[in-house]
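Enquirer: Have a look at this one.
Any read-out appearing in this document is the output of simple, stated calculations on the displayed coordinates, not a laboratory observation. Predicted model only: the values in this text are computed from it and were never measured. Virtual Cβ from ideal backbone geometry, glycine too; neighbours counted across all protein chains shown.
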Amino acid sequence: MLHTIFNRIRAMFHRQAPDPIVMSLEQRAYLQSSVSFYQRLDAHDKQRFENRCMAFINATEIVGHDLEVSNLDEILIAASSVILAWGFERWHYVKVDTVYLVSGSFNDSSEFQRSDSNISGLVGTHHLRGKMILSQPALHHGFANDNDRHNVAIHEFAHLIDMADGDIDGLPRQLAKHSYALPWLDLVAKKIQDIDSGKSDIRHYGATNNAEFFSVATEYFFEQPRTLKRKHPKLYRALEDFYQQNQADRLRADRDAKKAL
Ligand SMILES: [Zn+2]
């Protein structure tokens, strides 16, 4: 009797287990050629990274608004989400329901090619929660030039992490824990003041508000971690602690290994 029940349960789980999704050679080649974060991983972690990317692609709708979504587009969007969640034990990727890819930047009225069409990405709130819009050229540029502290997909996924506790306010849940919140808010206020008075190398857009500061600082953390650590050690440490990733040391180890070749 018991044996039959176990068999039934096993069969049920077996039926429900999704087919393993294997990354295609083309997708892997895109990761290898376009995503430096992936390039720096060892073989075991590359496999984990690929699995997480495929899980993201499987769970997310990526829709071309006025263009066809390519394998490269999918991989870059998935990689952005996986990079940000890499150090989190419980999250394999940062979740979004639908990503709309558009052919260029747009303005507040969703118009392209206007003088004020300078928005390259955004995340939805309220009834548009779970939706993200990205400009395809900006998405590609973010990875083609990976040390200019600009990466629109990393920026927008950072907003989603911030939003995970309900609000986009530059104070994600983990930083909002009692012991972190006040020093973090003080630090952000000081850094925004420095930007406003022209005394900072952090992108000016970060001074818009605390939420934009968090996303802009995140771009800096992932694109130029060693410079961030040198010029803004407290901010670097806070982000390292938050993302559970020691980006500066990883980058140095990678450079040293390349020099030794
Ligand atoms: Zn933003």
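Enquirer: Stokes-Einstein D for the range 85-218 at 4 °C, 1.567 mPa s, Kirkwood Rh over Cα pairs, in µm²/s?
Expert: Estimated via Stokes-Einstein, D reaches 82 µm²/s.
Enquirer: For the chain, what percent of Cα pairs sit more than 26 Å apart?
Expert: On the way: 15088 of 33930 pairs.
Here the long-distance tail beyond 26 Å is 44 percent of all Cα pairs in the chain.
Enquirer: About the Cα centre of the chain, what is the dipole size in debye to 20, counting +1 per Lys and Arg Cβ and -1 per Asp and Glu Cβ, all else neutral?
Expert: 1100
Enquirer: With a Cα-only, solvent-free Debye model of the range 142-252, what are the log10 I(q)/I(0) values at q = 0.20 Å⁻¹?
Expert: Computed log10 I(q)/I(0) values: -1.09.
Enquirer: Per 0.36 nm of contour for each residue apart, how much would the distance between Ser36 and Asp241 grow if the chain were fully extended, relative to their Cα-Cα spacing? Intermediate results must be reported in sequence, preceding the final value.
Expert: Numbers: separation 205, 0.36 × 205 = 73.80 nm, distance 2.16 nm.
Going from the current span to full extension adds 71.6 nm.
Enquirer: Looking at the chain only, what percent of DSSP beta bridges run antiparallel? Nearest 5 please.
Expert: Antiparallel bridges: around 35 percent, rounded to the nearest 5.
Enquirer: Right, another one. With +1 on each Lys and Arg Cβ and -1 on each Asp and Glu Cβ, and nothing else charged, work out how big the dipole of the range 165-261 is about its Cα centre, in Debye to the nearest 20.
Expert: So the magnitude is around 600 debye.
Enquirer: Moving to a separate point now. Mind giving me the FRET efficiency for Ala29 and Asp167? R0 is 30 Å, r the Cβ-Cβ distance, nearest 0.05 is fine.
Expert: 0.15
Enquirer: When the chain is fully extended, how far beyond the present Cα-Cα distance does Tyr180 get from Gln193, taking 0.36 nm per residue of separation?
Expert: 2.7 nm
Enquirer: So how long is each side of the range 201-240 along the principal axes, counting just the alpha-carbon atoms, biggest first, in Å?
Expert: Dimensions of the range 201-240 along the principal axes of its Cα atoms: 24, 17, 14 Å.
Enquirer: Full extension from Thr98 to His44: what is 0.36 nm times the residue separation minus their Cα-Cα distance, to one decimal in nm? List each step's numbers first, then the result.
Expert: Working: separation 54, 0.36 × 54 = 19.44 nm, distance 2.94 nm.
Length gained, Thr98 through His44: 16.5 nm.
Enquirer: For the chain, what relative contact order do you get, as a whole percent, if you take Cα pairs closer than 8 Å and at least 6 residues apart?
Expert: Relative CO of the chain lands at 13 percent.
Enquirer: Highest mean first, how do 114-127, 225-238 rank when packing is the count of other Cβ atoms within 10 Å averaged over residues?
Expert: Put in order of decreasing packing, that is 225-238, 114-127.
Enquirer: Angle check, please: helix 71-85 long axis (alpha carbons) against the longest principal axis of the chain (alpha carbons), in degrees 0 to 90, nearest 10.
Expert: That helix lies at roughly 70 degrees to the long axis.
Enquirer: Order these peptides, 161-171, 64-74, 212-222, by their mean beta-carbon neighbour count within 10 angstrom, highest first.
Expert: In descending order of packing, they fall as 212-222, 161-171, 64-74.
Enquirer: Just report the Cα centroid separation between the range 189-211 and the range 99-126, whole Å.
Expert: About 23 Å separates the Cα centre of the range 189-211 from the one of the range 99-126.
Enquirer: Counting each pair of different Cα atoms once, what's the Kirkwood radius of the range 15-144 in Å, rounded to one decimal?
Expert: Radius from the Kirkwood sum: 15.6 Å.
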